[in-house]
Amino acid sequence: TPIEVLQESLEVLHTMATELAEARRVQPRDDLMTSLVEAEVEGERLTTHEIASFFTLLSVAGNDTTRNTITHTMKALTDFPDQRKLLIDDFDAKIGTAIDEFVRWASPVMTFRRTVTRDTELSGQELSEGDKVVMFFASGNRDETVFDRPRVFDVTRKPNDHLGFGGGGVHYCMCSNLARTQLRAIFNQLLTRVPDIQVGQPVPLVGNFVHAVKSIPCTLNAG
């Protein structure tokens, strides 16, 4: 079943990370795993289990979200050619701001649910301890009270208080810097090597958690 396949895949990643962490404890190298093994806060270090869990999180959480952000962004750059030109003409100056717009526009995670821990009120709505509440990221990232022209893709949008990495606090995305680095690298290559790349209508993956794409047609300029 899909659940069994998922569980087996997670176990493979966890085992891989465990073996790698133990190897780096014996023979450190100049890499991320060594940094995790040697990281120390107030005299305490991460356990191998904690490192393996972190490794799995980086491998999985940074996969669906970032790759689907790339796909949705490529569609936006096709639909808004003026924004593509702005980015190509001054990539280094604009990519930092543009990445936030990529994430806002794609909203790669669609929903998250939380449980109310104490009676409170939110925007005039009474919430009781134990209530289940759901955050719809695409809605929040297109809130007309927060964003000017929210349905327009704008790589120069600033400020851009999107919720794609979370709303701050303990639930803020710990992989946000990794995602930014990945998006900067892939679009630097795409817009340099194949600046005229065009994509068509994506085929969505049916689901209610990740704003995912199964496939998307792509055309390259042979010239």
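The values are calculated or read from the model by the stated rules, or taken from the named source; none is laboratory data. As the structure is a computational prediction, the values presented were derived from the model and not from experiment. Every residue, glycine among them, receives a Cβ derived from its backbone with ideal geometry; neighbour counts consider all protein chains shown. Accessible surface is based on the protein model in full, side chains and every heavy atom, while ligands, DNA and RNA are left aside. Shrake-Rupley method; radii C 1.70, N 1.55, O 1.52, S 1.80 Å.
A quick yes/no check of all residues on (1) modelled with pLDDT of 95 or more; (2) touching a helix residue (DSSP H, G or I) at 6+ places or on another chain (Cβ under 7 Å); (3) of a type outside the set (Asp, Glu):
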| residue | (1), (2), (3) |
| --- | --- |
| Thr1 | no, no, yes |
| Glu11 | no, no, no |
| Met33 | no, yes, yes |
| Leu36 | no, yes, yes |
| Glu42 | no, no, no |
| Glu50 | no, no, no |
| Arg84 | yes, yes, yes |
| Lys94 | yes, yes, yes |
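Please determine, by comparing only the residues of the range 182-197 that are without any contact (Cβ under 8 Å) to a residue 60 or more places away in the chain and charged (D, E, K, R), which one is surrounded by the fewest Cβ atoms within 10 Å (Cβ to Cβ).
So, considering only residues that are without any contact (Cβ under 8 Å) to a residue 60 or more places away in the chain and charged (D, E, K, R), the one surrounded by the fewest Cβ atoms within 10 Å (Cβ to Cβ) is Arg193.
Determine if the range 204-214 includes at least one residue that is of a type in the set (D, E, K, R), in contact (Cβ under 8 Å) with a residue 40 or more places away in the chain and either in contact with a strand residue (DSSP E or B) (Cβ under 8 Å, 6 or more places away or on another chain) or exposed (fewer than 13 other Cβ atoms within 10 Å of the Cβ) (or both).
No, that holds for no residue.
Name the residue, out of Glu19, Glu38, that is more than 30 Å from Val155 (Cα to Cα), without any contact (Cβ under 8 Å) to a residue 24 or more places away in the chain, in contact with a strand residue (DSSP E or B) (Cβ under 9 Å, 6 or more places away or on another chain) and open to solvent by 80 Å² or more (accessible area, probe 1.4 Å).
Residue meeting the stated conditions: Glu38.
Which numbered condition trips up Asp143, out of (1) in a loop (DSSP other than H, G, I, E, B); (2) open to solvent by less than 50 Å² (accessible area, probe 1.4 Å)?
(2)
With respect to the numbered conditions (1) among the small types (Gly, Ala, Ser); (2) open to solvent by 50 Å² or more (accessible area, probe 1.4 Å); (3) modelled with pLDDT of 95 or more, which one is the sole condition not fulfilled by Gly200?
Answer for Gly200: the failing condition is (2).
Please find, within the range 146-181, the residue that is surrounded by the fewest Cβ atoms within 10 Å (Cβ to Cβ) out of those that are more than 16 Å from Val109 (Cβ to Cβ) and in contact with a Ser or Thr (Cβ under 8 Å, 6 or more places away or on another chain).
Ranking the qualifying residues of the range 146-181, first place goes to Lys158.
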